[in-house]
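The values are calculated or read from the model by the stated rules, or taken from the named source; none is laboratory data. Just so it is clear, the model here is predicted, and its values are computed rather than measured. Don't worry about glycine lacking a Cβ; one is built from the backbone with ideal geometry, like all the others, and counts go over all protein chains shown. Calculation scope for accessible area: heavy atoms of the full protein, side chains included, ligands and nucleic acids excluded. Shrake-Rupley method; radii C 1.70, N 1.55, O 1.52, S 1.80 Å.
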Amino acid sequence: MVGFDALRAAVLTEEAEEICGQLMVTSAEHERIANVAVGWSTDPTSGQRLALSYVMRLVVLVEVFTFQRTLELSDIHAGTIVSPVFDKLYVAHRRQIEASWDNALAALSVWPSVSPRKYGEHPALRGFILARNSWAHGYGRLTSRQLSDLATTEKHVADAGFSINAGYVVVLPSQVHSVAKTCRSFVQKLDRGTSPYL
């Protein structure tokens, strides 16, 4: 007979299932659009820009899940402490968590002592986030912040399996499905690591 803990570890929460489903639907949508769009544009980089825009959508889904889960766990943990002073400090803490990906991961490492940075998917995900930022803030061109530490930027981009050409992040259309699978795996691990604390 399978124990309760083993069964719980095999089942994702509804939120994680929803995000994982959206990740794979987004990947399938990209594939469908990319196949239809072949030949419509004379610009040889249009497929790469389309792929990068889909990487952005995939990263957003992972971030939505990660931030929501982190804040949910923080609220549960903070709810055990009753103090007006603590309440004011906690509002500032929530804002800090919401401010960046690194802050959210740091909060998870404090409580419930989950370390998403140790997941095998994290280095690639860091590169996906960098690529998303280049798309969101420069239509694929590296931002001045990314260029200010080019060695680190190049490492993160390489960890994601992408490349840089003439200051632009290059994502091939054939890479989008792999990005979606890596994102899904990260969400599944984070869900399994944190759901016992909900």
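Laid out as a table, the results:
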quantity: Failed item in (1) in contact (Cβ under 8 Å) with a residue 40 or more places away in the chain; (2) open to solvent by 50 Å² or more (accessible area, probe 1.4 Å); (3) over 16 Å from the mean Cα position of the chain (by Cα), with Thr152 passing the rest; calculated: (1)
quantity: Given (1) more than 28 Å from Ala16 (Cβ to Cβ); (2) in contact (Cβ under 8 Å) with a residue 24 or more places away in the chain; (3) within 18 Å of the chain's Cα centre (by Cα); (4) open to solvent by 40 Å² or more (accessible area, probe 1.4 Å), number of the condition Tyr168 does not satisfy; calculated: (3)
quantity: Index of the failed condition, Lys88 passing every other in (1) of a type in the set (Lys, Arg); (2) open to solvent by less than 40 Å² (accessible area, probe 1.4 Å); (3) at pLDDT below 85; calculated: (2)
quantity: Counted residues, segment 104-120 - those being open to solvent by 60 Å² or more (accessible area, probe 1.4 Å), at pLDDT 95 or above and aromatic (Phe, Trp, Tyr); calculated: 0
quantity: Which listed residue is buried (at least 16 other Cβ atoms within 10 Å of the Cβ) and either basic (Lys, Arg) or closer than 14 Å to Val176 by Cα (or both), from Ser134, Ser53; calculated: Ser53
quantity: So Val25, is it modelled with pLDDT under 95, open to solvent by 70 Å² or more (accessible area, probe 1.4 Å) and of a type in the set (Val, Ile, Thr); calculated: no
quantity: Tally of residues being within 16 Å of Tyr197 (Cα to Cα) and either modelled with pLDDT of 95 or more or not in a helix (DSSP H, G or I) (or both) across segment 1-22; calculated: 6
